[in-house]
1. Sorted by packing (mean other beta-carbon atoms within 10 Å per residue), highest first, where do 5-12, 223-230 land?
2. As a check on your grasp of the helix formula, calculate [θ] at 222 nm for the chain: sum -39500 (n - 2.57) over DSSP H runs of n ≥ 4, divide by the residue count, round to the nearest 500.
3. For residue 67 paired with residue 333, estimate the spin-label separation in nm (one decimal), with each label point 7 Å from Cα along the Cα-to-Cβ line.
4. Applying 1/(1 + (r/R0)^6) with R0 = 22 Å to the Cβ-Cβ distance of residue 230 and residue 60, what FRET efficiency is obtained, to the nearest 0.05?
5. Using a Förster distance of 41 angstrom, determine the FRET efficiency expected from the C-beta separation of residue 183 and residue 317, and round it to 0.05.
6. With 20 Å as the cut-off, how large is the P(r) tail for region 217-303, expressed as percent of Cα-Cα pairs?
7. Quick one: the Cα spread of the chain along its three principal axes, in angstroms, biggest first?
8. Taking every pair of alpha-carbon atoms in region 306-352, give the share separated by more than 15 Å as a whole percent.
């Protein structure tokens, strides 16, 4: 590829569905959840193949980012307004600092197992070749109504192959099956629709993207994010953020863009966004319990337990019990998405 490859790691959220481990002053990307490194540290290490790595965060988290990822450059957005404004700001700032490059954008809090680099480099290559916007799709392992889904369109072969990873064109062609146009995006379908999507060959939307700054900013200018792009051109980022609503990049830009493409992932993936995810990414005991921290379980089955103190469970099943500091959460495993309701009420009370 004839331009630098830059990884942009998004680390401005708090992880509301992992309350009470995650709170306003202790976002989930700074926590390890039983692993050797924090989620942010692992993500930055995963992106180490890039020529440069940036972490985009909010000002209050900047010092924490420097502690967990000292080798990365840090960008601070004026205020958190979801991924649409965040990625617009990142594309504009990085183009100013690096010049025209290929950007690979990834969340800081996902579980990835396998060959991430090949997919990322391929997505960047497709972004440069097509001058379009690329999203990475993960082959579903189950019908998950809480995820976004991508319907693949026409399958295409690349016109050229990058040599920056040392692989020849023939080697790359043998290890990768091309890319697709995108026929449609669907966010969080009902369980029956999710099952149909899995059967019909849809992909999960992993929230991992690639594009050039020019291509993305041109698309953003033709979207609800146009006031922000104009303000950034005028060196007025605060005014630009004030002029736009909180909106995801999928909804604001990708869904209405005619030049959006899908690259299938070559790795296993999970969105570690809610407590039930840990039984998919961590080993369970003989009774099906996943435990993070010090816990005593007597006649307990299929529970997720997480604590920075001590928790005892007796005669229960299918629960999430999370206890951190002075806060404890108990919720059925099948209703972990409702943790957001608790956080909303706590925020309204100024207690989150």
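Read-outs: derived from the displayed coordinates by stated rules, not from any lab. Note that the structure is predicted; figures quoted are calculated from it, not measured. All Cβ positions, glycine included, derive from the backbone under ideal geometry; neighbour counts span all protein chains shown.
1. On the way: 5-12: 25.5, 223-230: 20.1.
Per-residue Cβ counts within 10 Å, averaged per peptide and sorted highest first, yield 5-12, 223-230.
2. Numbers: 12 runs with 103 residues, N = 352.
Counting only the DSSP helices, I get -8000 deg cm²/dmol.
3. Between residue 67 and residue 333, the label points sit 3.3 nm apart.
4. Values: r = 27 Å, r/R0 = 1.23.
Calculated transfer efficiency: 0.20.
5. Working: r = 41 Å, r/R0 = 1.01.
With R0 = 41 Å, the Cβ-Cβ based efficiency is 0.50.
6. Summing the P(r) of region 217-303 above 20 Å gives 61 percent of all pairs.
7. Computed over the Cα atoms, the extents are 60, 46, 37 Å.
8. On the way: 560 of 1081 pairs.
In whole percent, the share of Cα-Cα pairs in region 306-352 beyond 15 Å is 52.
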